[in-house]
Amino acid sequence: MATIEKKPLVAPLPGRGSGRFAISTEKLTKTYGSARGITNLDLQVKEGEIFGFLGPNGAGKTTTIRLLMNLIKPNSGKANIYGLDCQTDSVEIRKFTGYLPGEFALYPNLTGAQTLKYFASLRNGVKWPVIADLAERLDLDLSKKFREYSHGNKQKVGIIQAIMHQPRLLIVDEPTNGLDPLNQQEFYKLIREIREKGSTIFMSSHIMSEVEDTCDRIGLIREGKLVRVGNMNELVDFKYHYLEVIFQEPVSPEIFKSLPGVDRVELTSQEGGQLLRCVVRQENLGQVVKTIAQFPLIDFVSREPSLETIFLDYYGPTSNNMEGKNRG
């Protein structure tokens, strides 16, 4: 079975130099009248990393990608890819970039093979065994016409055309949309492989497990604004804990509300005891535990936040409260 050929990365562009960022934006802004786009986006993606761009639908992920690919124009600000301006140098950028849009549609009467051969010719002739191997790994029948494909199989064609030339930068928008779990896992393997050969990957997603398992760093975007960027340890922020304690008898909530570093105190009665839920900053955890220990207990659970918890904190009904806590 053929494998993806290792090709030399594009050399630094004459007179520009790649710098240390594959993607860099400065106060990038795009508005759609009264509708929300993105506002003053300052984002840096390091060369050689897999960067996850995480946010709910409508947060501004696709708008950001379209600005990077010069498919739409910003109202203000600027965006660069390897030191090249995304507006004035877009043709040059596309030579070393692979791109999978959120909605992938092509010529309906061409087969998968014909479609990919066409893209290969645009990429200075990607060898057919490379394409055939990728199709086999993703379980794609290349003999069918594009209009006959399911949504998932159309997505596979899009993935293959985006990665078959070992791009220096790969930009993908919701890449696993429509793929079954097995093909999702194969896609993750593929992007890790091309990253190992030197590529940078920018991946937009609203699937938390996808970015948690795959990405080196993650940016959270909310209502068109970047609210947090970091690796998993930084993003999950182990400086606070979620506590759930069951007391044998009633305890006043004021005891815990008055303690430093304690937030979201909830006390509810239940059969056989009283349940306390609260959020505690790590530096205050010892004092809180000592206070809890003064009362007869039935159960005590402390858990560190997962990426899913962080996501819900930012986008859920209590997001404003936790955003201040995390960023402070």
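The radius of gyration of the Cα set in the range 107-258, together with its Dmax, comes out at 21.9, 75 angstrom. A convex hull fitted around the alpha carbon atoms of the range 229-289 yields 94 Å³ per residue.
Assuming a ≥ b ≥ c are the square roots of the Cα gyration tensor eigenvalues, decide whether the range 92-179 counts as rounded (a/c under 1.5), prolate (otherwise, with a/b larger than b/c) or oblate. Oblate, because a/c is 1.5 or more while a/b does not exceed b/c.
The candidates V157, V289, arranged from most to least accessible area with a 1.4 Å probe in the full protein assembly, appear as V289, V157. Label-to-label distance, T29 versus I255, with points set 7 angstrom from Cα along the beta-carbon direction: 5.2 nm. Please report, to two decimal places, log10 I(q)/I(0) for the range 177-282 at q = 0.16, 0.20, 0.23, 0.24 Å⁻¹ as given by the Debye formula with identical point scatterers on the Cα atoms and no solvent. The Debye formula, applied to the Cα set alone, gives -0.85, -1.03, -1.21, -1.26.
The equivalent ellipsoid that matches the C-alpha gyration tensor of the range 100-148 spans semi-axes of 16, 14, 11 angstrom, in descending order. Counting only protein heavy atoms and using a 1.4 Å probe, the accessible area of D180 comes to about 80 Å². As a fraction of the 1.4 Å probe accessible area of the chain, surface on carbon and sulfur atoms comes out at 48 percent. The stretch between Q287 and K239, if pulled fully straight at 0.36 nm per residue, gains 15.8 nm over its current Cα-Cα span. Loop-located GluC sites (Glu not before Pro) in the range 266-295 (DSSP state not H, G, I, E or B) with no more than 12 neighbouring Cβ atoms inside 10 Å: E271.
Computed with a 1.4 Å probe over protein heavy atoms only, the accessible area of I207 comes to about 60 Å².
Each of T97, Y242, N57 was placed along the dipole of the chain (beta-carbon charges, centred on the mean Cα), and the one lying farthest toward the positive end is T97. The gain in end-to-end length when the D42 to E136 segment is fully stretched comes to 29.9 nm, 0.36 nm per residue minus the alpha carbon separation. Per Stokes-Einstein, at 20 °C and 1.002 mPa s, what whole-number D in µm² s⁻¹ belongs to the range 23-77, with the Kirkwood radius over Cα pairs as the hydrodynamic radius? Rounded to a whole number, D works out at 182 µm²/s.
Take every pair of alpha-carbon atoms less than 8 Å apart whose residues are at least six positions apart; their mean separation over the length of the range 135-291 yields a relative contact order of 14 percent.
Can you give me the orientation-averaged projected area of the convex hull built on the Cα atoms of the chain, in nm²? Dividing the Cα hull surface by four gives the mean projection, 20.9 nm².
The values are calculated or read from the model by the stated rules, or taken from the named source; none is laboratory data. None of these values were measured; they are calculated from a predicted model. Note that we place each Cβ from the backbone using ideal geometry, even for glycine, and neighbour counts take in every protein chain shown. These area figures cover heavy atoms from the full protein model, side chains too; ligands, DNA and RNA do not enter into them. Shrake-Rupley method; radii C 1.70, N 1.55, O 1.52, S 1.80 Å.
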